[in-house]
Amino acid sequence: MSRRLFPNDPPWIAFKKDFRHLVHGDLAPGRKVKILYDAARLPAERSEENGAKAWTIKAFYKFVEQGPVHQVDLWTESGAIQTKMSNDTAEGAIMVCRIDIPPDVDHVTLWFLNTGKSGAEYWDSNSGRNYIFRFVVQDFDVDTVQVIPDPGKPQAWFRVELTASPDISSVGVSYRIANASPPADAREYLALTPAGPPSPSGKQKWSGSAPVPENAVVKFSFQYSAWGNDHEDTNGGNDYVTWPGAAYDPQTGVL
C-alpha cells in the first residue's frame, strides 16, 4: 500500500523555530531537496562590518555516516532575512539551501553552524547526534490498516500490518481517537512485533492490534528505529487516518 501522497511535489525539510522539523514531498534518492531553516534556531552570532551582515549559517550534510562531509551557506530567497512560511507565531526568519541527493543512498544527515566576524561558533546538531532523514516511504510498506468491529462487544480493534526493510529494528504507531467524546488529544502507542521469520530478501513483516471504541476514527503516524536512530512518518505533520470500512485514499491520508 503506497503512502507516497505527493509523488510529483519537490521535497523540502523545514527546521522550525520551536525545534520541530517537517518533511514534505517526495524525499527520495536522486531528488533535489530544499532545506528551509528558521534562523531563530541559531540567534547568537549576528556580527556586522561597516553596517553589512558579517555572519553566516551553514548547512553541513553527508549521505554515508563515515563518508565525506559537504557544506553550503544558507541564504534568503528575498535577499533580506524576512521570508516566512506561514503566519505561525512560532516561526521566524527563513533561510534556504538546496541539496542534490545521490541515487544510491538511503538517508541524508544534516547539521548547522552559525558563525561570523566574532569567530564564535554556535551549532544546531541535535545535541551532537545530527539530524538523520531516511527515505521513509522506502523503509516500509503498509500492508493493511483497519478498524475491525469486535462482534458482540461494544469495541473494535485497530489493526496494523506492514513489511519493513532489514534496517528497521523496531516499529510502532502513535495514534489517537479523533472522534472521542469528550474530545481528547492524548496519544497512545502501539508497538508492532515481528510476524514470522524474515523473507529471503531480509524484509520483515510486523503487526499489532489495540482495542478502540466501536466506530472509532483513528488518526496515526508511524515511528521506527534504524541503525540506532529514531525516525517517523507523520504524513507531513497531518497524521494518517482510518475508520471502520474506510476506503483507501492516499491523497487524503486515508490508509
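Where a number appears in this text, it was derived from the coordinates with a stated rule and is not lab data. Just so it is clear, the structure is predicted and the values come from calculations on it, not from any experiment. Using ideal geometry, Cβ is built from the backbone for each residue, glycine included, and neighbour counts are taken over all protein chains shown.
Between THR56 and LYS203, the C-beta separation translates, for a Förster distance of 51 Å, into a calculated FRET efficiency of about 0.75. Please state the shape class of the stretch 142-199: rounded when a/c is under 1.5, otherwise prolate if a/b exceeds b/c and oblate if not, all from the C-alpha gyration tensor. Because a/c hits 1.5 or more and a/b fails to exceed b/c, the stretch 142-199 counts as oblate. With R₀ fixed at 30 Å, the C-beta to C-beta distance from ASN179 to THR144 puts the FRET efficiency at about 0.90. Relative to the 2.2 N^0.38 Å rule of thumb, the stretch 12-134 has a C-alpha radius of gyration ratio of 1.06. Amide H to amide H, with H built 1.01 Å from N, ASP9 comes under 5 Å of ASP26, counting only residues 5 or more places away or on other chains. Near ARG129: Cβ cut-off under 13 Å, other residues only, Lys/Arg at +1 and Asp/Glu at -1. The net charge is -3. Summary value for the stretch 12-134: 30 percent relative contact order, contacts being C-alpha pairs under 8 angstrom separated by 6+ residues.
Size estimate for the stretch 139-252 follows the Kirkwood approach: the inverse of mean 1/r over distinct Cα pairs works out to 14.8 Å. Projected label points at ALA246 and VAL69, each 7 Å from Cα along the beta carbon direction, are separated by 4.2 nanometres. The stretch 117-148 and the stretch 184-247 have Cα centres lying 17 Å from one another.
The local environment of GLY172, defined by Cβ-Cβ distances under 12 Å, has a net charge of -3 under the rule Lys, Arg +1 and Asp, Glu -1.
Take each peptide in 12-22, 151-161, count the other Cβ atoms within 10 Å of every residue, and average; sorted highest first, the result is 12-22, 151-161.
May I ask which of LYS32/LYS205; LYS16/LYS58; LYS32/LYS58; LYS58/LYS117; LYS32/LYS62; LYS53/LYS117 have a Cα-Cα span longer than 20 Å here? The answer is LYS32/LYS205. Here is the list for the stretch 185-255: trypsin sites (Lys or Arg not before Pro) lying in DSSP coil, each with at most 15 other C-beta atoms within 10 angstrom of its C-beta, are ARG187, LYS203. Cα centroid distance between the stretch 168-182 and the stretch 43-70, in Å? Using only Cα atoms to place each centre, the spacing works out to 38 Å. With contacts taken as Cα pairs under 8 Å and at least 6 residues apart, the stretch 139-252 reaches a relative contact order of 29 percent.
Shown is the FRET efficiency for GLU48 and ALA120, computed with R0 = 22 Å from the Cβ-Cβ distance and rounded to the nearest 0.05: 0.95. Relative to its Kirkwood radius, the Cα radius of gyration of the chain gives an Rg/Rh of 1.03. The distance between label points at ASP100 and GLU232 comes to 3.3 nm (points 7 Å beyond Cα on the Cα→Cβ vector).
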